[in-house]
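Trainee: Supplied in structure tokens, the structure appears directly below.
The values are calculated or read from the model by the stated rules, or taken from the named source; none is laboratory data. Just so it is clear, the structure is predicted and the values come from calculations on it, not from any experiment. All Cβ positions, glycine included, derive from the backbone under ideal geometry; neighbour counts span all protein chains shown.
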Amino acid sequence: MSGPRLDGLPALTWSHGPGQWDLTDGVLTLTPAARVDWINYASVGDQPSRQTATSLGFVPEGDFQFSARVQVPGPRTTFDAGVLTLWADAEHWAKLCFEYSPQGEAMVVSVVTNGYSDDANSWVVEGDTVHLRISRIGPAYAMHASSDGDRWDFVRVFRLATTDAVAVGMLAQAPTGDSGTALFSDITFTETTLAALRDGS
């Protein structure tokens, strides 16, 4: 299921069926369907896993750095987000989100799923824009966020417990809302190894 062509990126495909998108002047806009999300609940209860949102991505070879400026204009609903994703299968995936909290704050949030989802809030973002980056370093992945796309703050480092191919990509989610939009610009992909996790580079 092919998607739009973006300069500097390999051919893009959808993970869960075609999504709604627009590409104008280098800005990719993704519009989610109502109440779509990725989550494998770790808490006690009978809530089923959900992988109803669709990401737009590709499978890199070797180490890489993938980043974008992510804007989510208001009004926003709880947990809606513009997201960078990693996807292998329904049990092994991760996402780095610019998400709207139940307290009405825009935040950097990360989720790593090896069977169950490890969901962690990082920090509050002033305004409607943040830069996000996912890097592969050998068997591990690192997540960073930035206010300006220059100095990068560490979010987390982790592994996905799978030997399957892992796609990196972009996603818009609206777990509690009817829809929304996420805008991705300054999208950059390099086949380079991140040298340090915590020095701001």
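Trainee: Does Val83 meet the test of being crowded, with 18+ Cβ neighbours inside 10 Å and touching a strand residue (DSSP E or B) at 6+ places or on another chain (Cβ under 8 Å)?
Mentor: When the stated conditions are applied, Val83 passes them.
Trainee: May I ask you to say which residue of Ala195, Ala145, Ala165 is aliphatic (A, V, I, L, M), in a loop (DSSP other than H, G, I, E, B) and more than 18 Å from Gly3 (Cβ to Cβ)?
Mentor: Ala195
Trainee: Does segment 110-137 hold any residues that are within 12 Å of Val70 (Cβ to Cβ), surrounded by fewer than 23 Cβ atoms within 10 Å (Cβ to Cβ) and among the aliphatic types (A, V, I, L, M), and which are they?
Mentor: Val125 - this is the single residue of segment 110-137 that is within 12 Å of Val70 (Cβ to Cβ), surrounded by fewer than 23 Cβ atoms within 10 Å (Cβ to Cβ) and among the aliphatic types (A, V, I, L, M).
Trainee: Right, next: Please list, ordered by first then second residue, the pairs with beta carbon atoms under 9 Å, 6 or more apart or interchain, first in segment 1-17 and closer than 16 Å to Thr29 by Cα and among the aliphatic types (A, V, I, L, M), second modelled with pLDDT under 95 and in a loop (DSSP other than H, G, I, E, B).
Mentor: Leu6/Gly26; Leu12/Gly3; Leu12/Pro4; Leu12/Arg5; Leu12/Leu6
Trainee: Tell me yes or no: at least one residue of segment 167-178 is among the acidic types (Asp, Glu), out of contact with any His (no Cβ under 7 Å at 6 or more places or on another chain) and at pLDDT below 95.
Mentor: yes
Trainee: Sort through Thr54, Thr77, Thr24 and tell me the only one that's hydroxyl-bearing (Ser, Thr, Tyr) and within 16 Å of the chain's Cα centre (by Cα).
Mentor: Thr54
Trainee: Would you please name the residue that is surrounded by the most Cβ atoms within 10 Å (Cβ to Cβ), looking only at residues in segment 150-176 that are of a type outside the set (D, E, K, R) and within 15 Å of Arg198 (Cα to Cα)?
Mentor: Looking at the filtered set, the residue picked out is Trp152.
Trainee: Could you please tell me which pairs satisfy a Cβ distance under 8 Å, a separation of 6+ or placement on different chains, a first residue in segment 179-201 that is in contact (Cβ under 8 Å) with a residue 12 or more places away in the chain, and a second residue that is hydrophobic (A, V, I, L, M, F, W, C) and exposed (fewer than 15 other Cβ atoms within 10 Å of the Cβ)?
Mentor: Ser179/Ala34; Leu183/Val27; Phe184/Val27; Ser185/Val27; Ser201/Ala195
Trainee: Continuing with the same structure: Could you identify the single residue in Ala140, Ala195, Ala145 that is more than 21 Å from Ser15 (Cβ to Cβ) and touching a His at 6+ places or on another chain (Cβ under 7 Å)?
Mentor: Ala145
Trainee: May I pose another question? List the pairs whose first member sits in segment 89-100 and is surrounded by 24 or more Cβ atoms within 10 Å (Cβ to Cβ) and small (Gly, Ala, Ser), whose second member is outside any strand (DSSP E or B) and modelled with pLDDT of 95 or more, and whose Cβ atoms are under 9 Å apart, counting only residues at least 6 apart or on separate chains?
Mentor: Going by the 9 Å Cβ cut-off, the qualifying pairs are Ala94/Leu160; Ala94/Val166.
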